[in-house]
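Encoded as C-alpha cells, the structure appears first; notes follow it.
The values are calculated or read from the model by the stated rules, or taken from the named source; none is laboratory data. This one's a predicted model, so the numbers in the text were calculated from it and none came from an experiment. Here Cβ is always computed from backbone atoms with ideal geometry, including for glycine, and neighbour counts include all displayed protein chains.
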C-alpha cells in the first residue's frame, strides 16, 4: 500500500470510527452479544459492513465519474459540514435499542439483516460515499470497513462498561470536529479547482 493510500485509509478509519461510536449498529451488537455467542454477532456485522461499504464506495465513485470534481468537492463539503454540526449539537440519548429476533433464525443472519437495515443510508454510509467520490475508493473502503468492524467488536467485547467510562458526548464532539475539518478541506478543494 502506497503512503497516499495508507493516509486515505487511516483518515477514513478515524472519521468513521469516531462517527460510529455509540451509534445504533454498535448498540445492536451489544444487545445481541449480551444474549448470544460473540463470534456470530461480530461476523454478521462484519459481512453487513463489507456489503454496505462496497455499495457506498461504488455509488460515490460512480457519482464522481460523471459529476465535475469541483461540484463533487462542494457537495462533500456541505454534507460533512452538516454531519459535523449535527454531531456537535447532538445530546446523549438514553433510549434503549429494541432488537426483535425472529425465532428459528441464526444469530449471524439476524445480526447481518439488522445491521443492513439499520445502517443503509446512515450518516456513515453517506460519508463513505462522499469520501470515495473525492479520494481513492479502495483505501476508503478498507478504512471504513475496518473502522466499522472494530467499533462493532468493541461494542460486543467491551459493551456498556467501556461506554460508561468514556464520555460519549466528547467522542461525538471529536467526530463532529473531524467531519468539519474534512468539510473544510473539501470546500478548499472546491474553490481551488480550476
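Quick notes on this one:
- Flag for residue 59 being touching a helix residue (DSSP H, G or I) at 6+ places or on another chain (Cβ under 7 Å) and surrounded by fewer than 24 Cβ atoms within 10 Å (Cβ to Cβ): yes
- Condition met for residue 78 (part of a helix (DSSP H, G or I) and surrounded by fewer than 16 Cβ atoms within 10 Å (Cβ to Cβ)): yes
- Helices (runs of 4 or more DSSP H) fully within the stretch 112-194 counting 3 or more residues that are within 19 Å of residue 80 (Cβ to Cβ) and modelled with pLDDT under 75: 168-192
- Of the residues 27, 15, 52, 32, the single one that is crowded, with 22+ Cβ neighbours inside 10 Å, over 27 Å from residue 138 (Cβ atoms) and either at pLDDT 85 or above or in contact with a helix residue (DSSP H, G or I) (Cβ under 8 Å, 6 or more places away or on another chain) (or both) is 32.
- Verdict on residue 34 being assigned to a helix (DSSP H, G or I), without any contact (Cβ under 8 Å) to a residue 40 or more places away in the chain and over 20 Å from residue 123 (Cβ atoms): no
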